[in-house]
Amino acid sequence: PDNKFNEKIYFISDPFDGSLLYKREISAFWYTTLAIFSENGDVKTACVGDCSGKTIDFCDSQKAYTAKIKDSDIVDICEIKPSQTNKLSDVFIETYLMKPHYLYPAVIDFKPLLEKVKCILPNGGPSGFCDVARGKVDVYLANKQPFVDVFTGLAIAQKAGCVITDYEGNPPEFETDINKRFNIICSANQSIHEQVLELLK
């Protein structure tokens, strides 16, 4: 048989990130995600759709893009790139703070970092990576985030040119353990990334 049709691939999806907010009709953060990876961890494609804003961020194996959704069509497609912010005092940082068991440890553990930045957005999940990829924020801390929240957004950020490591500075490795939690830093550029790593030490 042709090997092209025997390749093992992984589909990763969070069909509705933000369901807890949806139940209270808080529409700020509703997303749907899908990513396809090869067995060795190479991304084939990934997408994160903003259900409220009617936009979609996505990537192929080379680049990352954003587009609008209009009448079930994808329109206004353009390539995305992260910001060039290089001073911590100008940084917009994002990390998930909406549940108490994330909020209190993050405020304590990240205090040396959080007190030096300009703004903190309390969101997270796949869209956090996309926010850095699009230049909306400069750093995303994926703190104790589950597998499904990491790999869909991470792929888009990588293809946009973001700098991504764990808290020790190691490149993230593709995992298939759906129960694993991840500590990932996604930064707009190397300068900011190094400053964040230094403060996390």
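The values are calculated or read from the model by the stated rules, or taken from the named source; none is laboratory data. Quick caveat: nothing in here was measured; it's all calculated off a predicted structure. Reconstructed Cβ throughout: ideal geometry from the backbone, glycine too, with neighbour counts over all protein chains shown. Heads up: the accessible areas ignore ligands, DNA and RNA and are worked out on the full protein's heavy atoms, side chains in. Shrake-Rupley method; radii C 1.70, N 1.55, O 1.52, S 1.80 Å.
Tabulated data for the structure shown
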| item | result |
| --- | --- |
| Linear extension gain, ASN183 paired with VAL75, 0.36 nm per residue minus alpha-carbon span | 35.5 nm |
| Listed residues ILE93, CYS59, GLY169: farthest to the positive end of the dipole of the chain (Cβ charges) | ILE93 |
| By accessible area with a 1.4 Å probe, ligands and nucleic acids excluded, highest first: order of ARG181, ARG24, ARG134 | ARG24, ARG181, ARG134 |
| Kirkwood Rh, Cα atoms: Rg over Rh of the chain | 0.97 |
| Solvent-accessible area, 1.4 Å probe, carbon plus sulfur percent, for segment 1-152 | 54 |
| Debye, to nearest 20: dipole size of segment 52-128, +1 on Lys, Arg Cβ, -1 on Asp, Glu Cβ | 260 |
| Solvent-accessible surface (1.4 angstrom probe) belonging to CYS78, in square angstrom, nearest 10 | 60 |
| GLU25 paired with GLU115, simple spin-label distance in nm, labels 7 Å along Cα-to-beta-carbon | 4.1 |
| Share of alpha-carbon pairs per 10 Å distance bin for segment 80-181, given as whole % | 15, 49, 33, 3 |
| Cα long-axis angle, helix 190-200 against the chain (0 to 90 degrees, to the nearest 10) | 60 |
| Cα-centre dipole for segment 77-201 with unit charges at Cβ (Lys and Arg positive, Asp and Glu negative), debye to 20 | 300 |
| Other-chain or far-sequence residues with amide H under 5 Å of PHE182's (modelled H) | LYS144, GLN145 |
| Base-10 log of normalised Debye intensity for segment 132-201 (one unit scatterer per alpha-carbon) at q = 0.14, 0.21 Å⁻¹ | -0.37, -0.84 |
| Degrees, to the nearest 10: 147-160 long Cα axis against longest axis of the chain | 90 |
| Contour excess over end-to-end distance, with Cα ends at GLU7 and GLU39 and 0.36 nm allotted per residue | 10.7 nm |
| Environment charge at ILE178 (Cβ cut-off 12 Å; Lys +1, Arg +1, Asp -1, Glu -1) | -2 |
| GNM flexibility winner over the chain from ASP14, ASP90, ASP149 (Cα, springs under 10 Å) | ASP90 |
| Gyration tensor over alpha-carbon atoms, segment 31-145, equivalent ellipsoid semi-axes in Å | 27, 16, 15 |
| J(HN,Hα) series, segment 58-73, from Karplus relation 6.51 cos²θ - 1.76 cosθ + 1.60, nearest Hz, glycine and proline x | 7, 9, 10, 6, 10, 9, 10, 9, 10, 7, 9, 9, 9, 6, 6, 10 |
| Angle between the chain longest axis and helix 100-109 axis [Cα atoms, degrees, rounded to 10] | 60 |
| For the chain, accessible area per residue (1.4 Å probe, heavy atoms of protein chains only), Å² | 54 |
| Average Cα contact separation per residue, the chain, under 8 Å, 6 or more apart, as relative contact order % | 19 |
| FRET efficiency, 1/(1 + (r/R0)^6) with R0 30 Å, evaluated for ASP60 and SER89 via beta carbons | 0.25 |
| For VAL91, residues with placed amide H under 5 Å, excluding near neighbours | LYS118 |
